[in-house]
Amino acid sequence: MLVRKSAMVVYRSLQLTFMAMVLAELFVPDYPIDGRWTLLPFLLSVPLEMVLSRSGPPRKRADRPPVEVEPPVRGRWTAVNSPASRVPSHRTHAYGQTYAIDIVAEPEGGPRIRPGFAKLWPIARRNRSFPAYGEPLFAVADATVVHAGNWMRDHLSRNSLPAIGYLMLIEAWVRQTGGASWIVGNHVVLDLGDGVYAMYGHLRRGSLTVGPGDRVRAGQPIARCGNSGNSTEPHVHFQLMDGPDLDAARGIPFTWRGIGVPGSGETFTAPATPSLASEASASLASEAPVSLSD
């Protein structure tokens, strides 16, 4: 883990150096460094990023049975970027995301219907347009809170072609340079014991009801779904990992009790209480996959 952590620190340092050199060359009179050296930090960071994103868990961990936990939500949701459909689910092993899953709320009927992707207009939507925004999230097991970040704002959606272009070309790069917390936004990490940690990402600012050191029970409300960090729309990012530090952690496979792991584009219904989860079966319906950033 120390090697992986060190590599992440070096990667971000190279990216920040590149950014500083570009700004200095643009705005500092008589900048003494030849412009040909400006690209060097960036070029050195690229292979490092490729190694970090492609180096997954050791084989003995990848082959371990999935850890069974309660679902983190209630009601009807659709899975996106699921490890049941692709590993690594988010096309990277970085930040312990190997077996991460994204889910969006898909309530049947009611006043809040999830907006579709827009080609050009509206460029962005307010978060309250999405039924996932503000939905309560629950502890997946008896656990101890080891990290709780709660200050990042919930930005507008990025679910149009212009907004996706901005996200991919500018925002995602800036956030990655800023570090793991800027990627996952407001988040909470739970220590489930036996070297297993659960991470919930993109939480709503100010919604956390727990803090580091708190003990939580399975099914206890701990936060609400938001749209902070590197996210296209309000959704829940959930993963299990082998350590609390996102820079060093590697992913651990999971399964939700009574549901399993829904594939990308599959809709499932989580029961109202965790005690019913083992008795309920998931209702799976194939739908078109949606691309979310994590």
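Evaluated over the Cα positions of region 48-147, the convex hull gives a direction-averaged projected area, one quarter of its surface, of 9.7 nm². What is the angle, in °, between the Cα long axis of helix 40-54 and the longest principal axis of the Cα atoms in the chain? Nearest 10 is fine, range 0 to 90. Result, in degrees: 20. The Cα-based radius of gyration of region 1-101, divided by its Kirkwood radius, gives an Rg/Rh of 1.17. Mind telling me which of E108, E171, E70 comes out most flexible in a GNM of the chain, alpha-carbon contacts under 10 Å? The residue with the greatest mean-square fluctuation here is E108.
Each listed q (0.08, 0.13, 0.15 Å⁻¹) maps to a log10 I(q)/I(0) for the chain from the Debye sum over equal C-alpha point scatterers, namely -0.35, -0.89, -1.17. The relative contact order of the chain comes to 24 percent, based on Cα pairs under 8 Å that sit 6 or more residues apart. Could you state the angle between the C-alpha long axis of helix 2-27 and the longest principal axis of the C-alpha atoms of the chain, as a value from 0 to 90 degrees rounded to the nearest 10? Here the helix axis deviates by roughly 50 degrees.
Per-residue ellipticity at 222 nm computed for the chain from its helices equals -6500 deg cm²/dmol, with DSSP H segments shorter than 4 residues left out and the rest contributing -39,500 (n - 2.57). Starting from a Cα-only point model with no solvent, please compute log10 I(q)/I(0) by Debye for region 77-213 at q = 0.10, 0.17 1/Å. Calculated log10 I(q)/I(0) at the listed q: -0.38, -1.17.
With every protein chain in place and a 1.4 angstrom probe, the accessible-area ranking of R153, R36, R74, R204, largest first, reads R36, R153, R204, R74. Here region 110-145 is scanned for amide nitrogen atoms under 17 Å from the site 7 Å beyond the Cα of D214 along Cα-to-Cβ, giving 134-145.
Once the C-beta distance of R126 and L23 is scaled by a Förster radius of 22 Å, the resulting FRET efficiency is 0.10 to the nearest 0.05.
Residue-normalised convex hull volume from the C-alpha trace of region 103-172: 133 Å³ per residue.
DSSP finds beta bridges in the chain, and of those with both partners inside it, around 90 percent are antiparallel. Per-peptide packing, taken as the mean over residues of other Cβ atoms within 10 Å, places 207-219, 121-133 in the sequence 121-133, 207-219 from highest down.
For a paramagnetic label modelled on V10 (point 7 Å from Cα along Cα→Cβ), amide N atoms under 18 Å away belong, within region 65-103, to 94-95. Summary value for region 141-247: 39 percent relative contact order, contacts being C-alpha pairs under 8 angstrom separated by 6+ residues. The C-alpha radius of gyration of region 68-107, expressed as a fraction of 2.2 N^0.38 Å, stands at 1.24.
The values are calculated or read from the model by the stated rules, or taken from the named source; none is laboratory data. Quick caveat: nothing in here was measured; it's all calculated off a predicted structure. Backbone-built Cβ (ideal geometry, glycine too); neighbour counts: all protein chains shown. Note: accessible area is taken over every heavy atom of the protein model, side chains too, but ligands, DNA and RNA are not part of it. Shrake-Rupley method; radii C 1.70, N 1.55, O 1.52, S 1.80 Å.
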